[in-house]
1. Return yes or no: is B:Ala93 farther than 21 Å from A:Asp216 by Cα and open to solvent by less than 10 Å² (accessible area, probe 1.4 Å)?
2. Has segment B:91-103 got at least one residue that is over 30 Å from A:Glu195 (Cβ atoms), in contact with a strand residue (DSSP E or B) (Cβ under 8 Å, 6 or more places away or on another chain) and not in a loop (DSSP other than H, G, I, E, B)?
3. Give the residues of segment A:187-197 that are hydrophobic (A, V, I, L, M, F, W, C) and within 8 Å of another protein chain (Cβ to nearest Cβ), sorted by residue number.
4. If I filter segment C:16-61 down to residues being more than 22 Å from C:Glu78 (Cα to Cα) and within 7 Å of chain A (Cβ to nearest Cβ), which single residue comes out as surrounded by the most Cβ atoms within 10 Å (Cβ to Cβ)?
5. Please verify whether segment A:377-397 includes one or more residues that are at pLDDT below 85, touching a strand residue (DSSP E or B) at 6+ places or on another chain (Cβ under 8 Å) and open to solvent by 50 Å² or more (accessible area, probe 1.4 Å).
6. Tell me the residue from A:Cys197, A:Cys159 that is more than 30 Å from A:Leu118 (Cβ to Cβ) and open to solvent by 10 Å² or more (accessible area, probe 1.4 Å), please.
7. If you take the residues of segment A:163-186 that are assigned to a loop (DSSP other than H, G, I, E, B) and open to solvent by 10 Å² or more (accessible area, probe 1.4 Å), which of them is nearest to the other protein chains (Cβ to nearest Cβ)?
8. Restrict the check to segment A:419-434 and report whether at least one residue is of a type in the set (D, E, K, R), touching a Leu at 6+ places or on another chain (Cβ under 8 Å) and either assigned to a helix (DSSP H, G or I) or open to solvent by 30 Å² or more (accessible area, probe 1.4 Å) (or both).
Amino acid sequence: MTDPINTFRAEAKEHLDALEQALLDLELEPDNAGQIAAAFRAMHTIKGSAGMVGFDHLSYFTHHLENLFESVRNGKVALTPELCQWVLQAADHIGDLLLNTEPGAELTLISETILAKLADVMPANMVAAPVAATQKKSTKTVKVQLYRIDIKPHQQSFCEGLDIFPVLRELNELGSCHTTCFFSDTFVADNFDPESCYLHLQVLLSTTKNKDAIADAFIFVNEDWSVQIVKIEPEEAHRLGDLLVAQGVVEAKVVDEILQSQPKTGELLSGSGLVKPEQVQRALAEQQYIRNQAGSSEEQSIRVPQHKLDALMDQVGELVILQASLDQLALSSGNDRLAELAEELNRLSNGLRDIAFDIRMLPIGSTFARFRRLVRDLSRDLGKEVLLETNGAETELDKVVLDKLADPLVHMLRNSLDHGIENPEQRRLAGKPEKGVISLSASHYQGQILIEITDDGKGLDPEKILAKATERGLVAEDAVLDVSDIYPLIFAAGFSTADKVSDVSGRGVGMDVVRSAIDALQGQIHIESEPGKGTRFRILLPMTLSIIDGLMVAVSEQRFIVPLNMVEECIETIETEAHPRSDTCLIQHRGQLIPRLRLRDKFSLPGKRPAIEQTVIVRVGDEAIGITVDEVIGNHQTVIRNLGRLYRDAPGVMGATILGDGGIAMILDLLSLAVTARKRDMNN
Amino acid sequence: MSKTILVVDDSASVRQVVSLALKSAGHQVIEAVDGVDALKKLDDNKKVHLIVSDVNMPNMDGLSFVKAAKAKAEYRFTPVLMLTTESGEDKKAEGKAIGVKAWLVKPFKPELLLSAVTKLA
Amino acid sequence: MQTDDIRLAPASLTIFDVRQLEDTLQTSLSNNQHLIIDLQQLAELDAAGMQWLMSLAQRGLIREQRLQLLEPNAFCLEQLSLMGLTELIGGENDRSN
């Protein structure tokens, strides 16, 4: 017969998978009642069975998670992304707890860390006693903090009338304690003096009290005992993989030796430290498990709170700024040694920047998984047959970009399903396979990320769109528009081509929401469509939002940054044109006339135009435009800062950066400049 | 947990305050007026968990008493809490030599006394 | 072989008692003999007493003497749990049979 414990483990793993799936969905759609219920059920079941087969601690742990989801279900607790993150961590932790019926200090510590974190968000009446007791003064939840207290009483303690129990009792009154007690290395079995103290204790205390309150318990013994009180940051608690070694019980290399030798050796080890060989074995198994995790060929990953990454990026940003100013100084000083150092520092800070970037990058595939489900469910609801193909799941995007991209993508998929793909009958009549195909792909394109959503549906109908837009007053009645101008009209606010509002894409938001979301990400969106064949949306996104390589240019005293990845080349232009008043005109570039824009005119900057101007040719999407400035200064790494409210709506600018000399440079929004240039071009 | 505590002080009021506080915390209290009296009380009672003693007392002072008490087999490991005044700093070094670790400076609030007692017994 | 196990039922296991208990065991307990300590009557247990129990478990393993702690009362269990040593209780020391 199978051991019930094994049955439970297998069953619990299934529930854990269910929980994880639910959480991943909830992260994107926090109100999904079905998934909340699924998560609750998973925790409830694990809790119940765990108690039956002797996993008491696991039962206790999952009990709190069950409570949490209960509160989420009642609407008492909002499932924030941060909370989701913690619950995911809790799910991973449950996996670890499944290994042993009685977890060691390390795992218990992690349990308490997670529970303390969850308790922070729980409504007061749901929280267990220690936390509830702290809410007498203010309704604000008092932070539960974890401490590791290392106690080595003096060898003469017992003879001096100093017992350890009073101290332990006092610590227990401060909060919830987990104590580990073992012999220190002064204990020698053959030479044991019962009146000497050989004990070494380690207490993990989770309390709302501060360090002073803890230290107070040791007030009479602090001169003779070695007592260390260390605050453990929640994030750190997860990295305490070597607690056993830290306890001084065994040395790292001994652990490995022991594990590879006979069980008898484990008993010998117990003679040197721990109370019982079972405990040693258990602790060693735990340790080995942790080590295996770290050492296996698959890389171990850690979860880091977003704000820490943001802080890192900020620091790197500052470094990059400082670097830029040092570069300028080095250049102007003419000091070779200084220039050399600046160059070296440049290399290092660029490397650091790249790594910091890379840390924030996540494969887009994590969002893809969710779409597959969405397409499946929606197509069933709509009575359509649709296959979702995905490509480039490994393409990496900045986490922030990725998070903000999820909603627009969902909406576009809905749109393609609803308006693009025909029902099977229509498709058969049109001579197409009954099963429609929507393809979602991500790839790198000219230093940016290209995301394409392609369907093989009926395509956009320009006439219908134009009629609708005219009806809605989005375009003048007599306007003559090219097809490529008509398609983008579907992104206009309040536009909807569907004759009747379906409950799929007609959920109160239109494609204008998609447009503004992509704009917010400094991306661009283009439409290609062929009637009867299908539609393709192309979204171009910057890989990150925080730092860009830029080309610094100047007009009079004012400096601007042009995103470098869009710069094609810089040319000198001598003013001979006959449009002195217009801030745009056409210039000749590689045998082509392209629109150009003079920044001095665009931003009404003072000063006289130099006789020889510089024009930066940039490529926006598929078209080139020229930006004419006084001077091209050079490459400049830029940390993008949001503009204050005053400038937020200033057209043509997407942000600002602080320069090494303390001045400010505007970062040009080439997309909007291109639109301006094109318009002026047409008007002329 | 209830403990038996010997309180030694020549001041009746101090004894009263200390006894009252200890009794309110559920402890049993034996009172003695000086060192000589205290040694006698120790012999009369086979089990005392904690000695709380003043330093300056007639007949036999606190430290001499503690020294004598610790010489008795039944009390060699019994914890001691000394009550002293601000000026008694030099006595601390003396007390340390005979194994007295815990000191409480008079005047003190009853809570402080109880907190000290819980740290010792 | 295990005919005359030694059985103790102390009322107090403190710094005042450990020396004598230790001496008794050193003289009377031989190898392969089992030690049973009944904790039902135990009214006093301090860290020194606890350390002694720990040492018995530890040293017993080496000399193949089995230690059994029986019937701990509520007070005893509380002390054990304060020290994180509840595992001392129970038949888990039966490694040598």
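1. Details: farther than 21 Å from A:Asp216 by Cα: yes; open to solvent by less than 10 Å² (accessible area, probe 1.4 Å): no.
Answer is no for this residue.
2. Looking only at segment B:91-103, we keep the residues that are over 30 Å from A:Glu195 (Cβ atoms), and these are none.
No, segment B:91-103 contains no residue that is over 30 Å from A:Glu195 (Cβ atoms), in contact with a strand residue (DSSP E or B) (Cβ under 8 Å, 6 or more places away or on another chain) and not in a loop (DSSP other than H, G, I, E, B).
3. So the first thing to find is which residues in segment A:187-197 are hydrophobic (A, V, I, L, M, F, W, C), and the list is A:187-189, A:192, A:197.
Residues satisfying the conditions are A:Phe187, A:Ala189, A:Phe192, A:Cys197.
4. Step one: of segment C:16-61, the residues more than 22 Å from C:Glu78 (Cα to Cα) are C:19-35, C:59-61.
Still in the list and also within 7 Å of chain A (Cβ to nearest Cβ): C:19, C:22, C:59, C:61.
Numbers: C:Arg19: 14, C:Glu22: 17, C:Arg59: 17, C:Leu61: 21.
Only one residue tops the list, namely C:Leu61.
5. yes
6. Values: A:Cys197 fails: open to solvent by 10 Å² or more (accessible area, probe 1.4 Å).
So the residue among A:Cys197, A:Cys159 that is more than 30 Å from A:Leu118 (Cβ to Cβ) and open to solvent by 10 Å² or more (accessible area, probe 1.4 Å) is A:Cys159.
7. A:Asp163
8. In the first step, residues of segment A:419-434 are kept if they are of a type in the set (D, E, K, R); the result is A:422, A:425, A:427-428, A:432, A:434.
Applying the additional criterion that residues be touching a Leu at 6+ places or on another chain (Cβ under 8 Å) yields none.
Within segment A:419-434 (the criterion being of a type in the set (D, E, K, R), touching a Leu at 6+ places or on another chain (Cβ under 8 Å) and either assigned to a helix (DSSP H, G or I) or open to solvent by 30 Å² or more (accessible area, probe 1.4 Å) (or both)), the answer is no, since none of the residues qualifies.
The values are calculated or read from the model by the stated rules, or taken from the named source; none is laboratory data. Computed from a predicted structure; not experimentally measured. Cβ coordinates were reconstructed from backbone atoms using ideal geometry, including for glycine residues, and neighbour counts include every protein chain displayed. Accessible surface is based on the protein model in full, side chains and every heavy atom, while ligands, DNA and RNA are left aside. Shrake-Rupley method; radii C 1.70, N 1.55, O 1.52, S 1.80 Å.
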